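Every number in this text was worked out from the coordinates using simple rules, so none of it is lab data. In this text, all values refer to a predicted model and were calculated from it rather than measured experimentally. Note that we place each Cβ from the backbone using ideal geometry, even for glycine, and neighbour counts take in every protein chain shown.
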Ligand code: CIR
């Protein structure tokens, strides 16, 4: 693993335009459909924020057949060393992997397939300087996590399989990396002890969805619906960029879900 470059130093991201069908995206609790226009506006702002953070953005076209395909983080995992094609744990999302494969084969020399059987979603993977953490969840099972660990090892990184709190969609629904030593975590995830080796910044009670923040280069993107989290991070000296996530939040998504991020050598 490179010591010189932080794991949140990116120069490339892939995103996918939302489809009109995004209004039918999966969700655990129904708080009403998001509007297409609202999701599109949040996505456009996300692309602009990525560019402002100094990243080259590849924008893929919408896929009407896959309502959740805007969340490109889930069907693949990318590192400077190569890409891994995953197998999403939700039946309606399995086909998203084949859709993103040609782009990844174009952009990466090394592309690994997650061996069968088993499932793994990218939303369950938190890359830190110490390890690549894989959270077991309703979307990522033990077989999938072990197969993914082996792929990660092939790319020269160390994986660690951990638990996701019961009822939480993805491991990263409840946490994000803030810098080389610090994580932002919900209290329920922190209680499990997975972040013992980190400085833990705990989300204020009632703002749990803010835990899916996103560090990109020198900024931390945080949902604008979470003022106490924004104020806390601001006081700690982070350069916070508030991002609207109200509409995507209705289909259980946050800021990491909408991109695949990596440092591409030679750019
Ligand atoms: C799903 O349930 O799959 C989508 N509605 C939300 C996916 C969010 N993705 C992520 O956290 N990586």
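Relative contact order of the chain: 23 percent, from C-alpha pairs under 8 Å at least 6 residues apart in sequence. So, in Å, what gap is there between the alpha-carbon centers of the stretch 234-267 and the stretch 124-145? The stretch 234-267 and the stretch 124-145 have Cα centres spaced 19 Å from each other. Note on residue 146/residue 37: beta-carbon distance plugged into 1/(1 + (r/R0)^6) with R0 of 45 Å gives a FRET efficiency of 0.60. In terms of its alpha-carbon gyration tensor, the stretch 212-253 comes out oblate; a/c meets the 1.5 threshold, while b/c is at least as large as a/b. Label-to-label distance for residue 24 and residue 60 is 2.0 nm, based on points extended 7 Å past Cα in the beta-carbon direction. Here the scattering of the stretch 165-214 is modelled by Debye summation over its C-alpha atoms, one equal scatterer each and no solvent; at q = 0.16, 0.19, 0.27, 0.32 Å⁻¹ the log10 of I(q)/I(0) is -0.36, -0.52, -1.05, -1.40. Counted by neighbouring Cβ atoms within 10 Å, the residues 86, 26 run from fewest to most as 26, 86. Three principal axis extents describe the C-alpha atoms of the stretch 12-262; from largest down they are 44, 41, 36 Å.
Here the stretch 135-267 is described by how far its Cα atoms reach on the three principal axes: 41, 40, 31 Å, from widest to narrowest. The ellipsoid equivalent to the alpha-carbon distribution of the stretch 46-168 has semi-axes of 22, 18, 15 angstrom, derived from the gyration tensor eigenvalues as √(5λ) and listed largest first. If the segment from residue 45 to residue 191 were pulled out straight at 0.36 nm per residue, it would be longer than the present Cα-Cα gap by 49.2 nm. Length available on full extension from residue 4 to residue 110: 0.36 nm per residue minus the Cα-Cα distance, which gives 36.0 nm. The order of 263, 46, going from fewest to most other C-beta atoms within 10 Å of their C-beta, is 263, 46. In whole angstrom, note down how far apart the Cα centers of the stretch 150-204 and the stretch 24-75 are. For the stretch 150-204 versus the stretch 24-75, the Cα centre distance is 23 Å.
For the stretch 2-95, what class follows from the C-alpha gyration tensor (a ≥ b ≥ c being the square roots of its eigenvalues): rounded when a/c is under 1.5, otherwise prolate if a/b is larger than b/c, else oblate? It is oblate, given that a/c is not under 1.5 and a/b is not larger than b/c.
The DSSP beta bridges internal to the chain are antiparallel in roughly 45% of cases.
For the stretch 13-42, the residues whose backbone nitrogen is under 17 Å from a point 7 Å from the Cα of residue 246, taken along Cα to Cβ, are 31-42. Kindly provide the helix-only [θ] at 222 nm of the chain, computed as the sum of -39,500 (n - 2.57) over DSSP H runs of four or more divided by all residues, to the nearest 500 deg cm²/dmol? -6500 deg cm²/dmol, from helical runs alone.
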